[in-house]
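One structure below.
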Amino acid sequence: MAVGNLPAAIPREASTFFAESLYNSVLPALLGVGDNKIIKRATILENGQLTSQFLYLYDYLIK
């Protein structure tokens, strides 16, 4: 019986962990509370230009 329940338990735990991480880390940063480095690291475009850590995507843009 435990094996039959296992496939359903893993996605639920993953979803719960993701939601908690989002709520505790990303949401406060988006609201301007706490560390905004997480938002800076995730920003791909700024003012219409690729940010420095995503410059490798330029080759895909010009194809």
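Take the residues in the range 11-36 that are surrounded by 11 or more Cβ atoms within 10 Å (Cβ to Cβ) and small (Gly, Ala, Ser), then tell me which one is modelled with the lowest pLDDT.
Per the criteria, the residue is GLY34.
ILE39 is checked against (1) surrounded by 10 or more Cβ atoms within 10 Å (Cβ to Cβ); (2) at pLDDT below 85; (3) among the β-branched types (Val, Ile, Thr) and fails just one. What number does that condition carry?
The failed condition is (2).
Would you mind finding the one in ASN47, ASN5 that is surrounded by fewer than 10 Cβ atoms within 10 Å (Cβ to Cβ) and at pLDDT 85 or above?
ASN47
Quick one: which helices (runs of 4 or more DSSP H) sit completely within the range 19-63 and have at least 3 residues that are in contact (Cβ under 8 Å) with a residue 40 or more places away in the chain, touching a Leu at 6+ places or on another chain (Cβ under 6 Å) and of a type in the set (A, V, I, L, M, F, W, C)?
Filter on the range 19-63 gives an empty set.
The values are calculated or read from the model by the stated rules, or taken from the named source; none is laboratory data. All of these numbers come straight from a predicted model, not from anything done at the bench. Note that we place each Cβ from the backbone using ideal geometry, even for glycine, and neighbour counts take in every protein chain shown.
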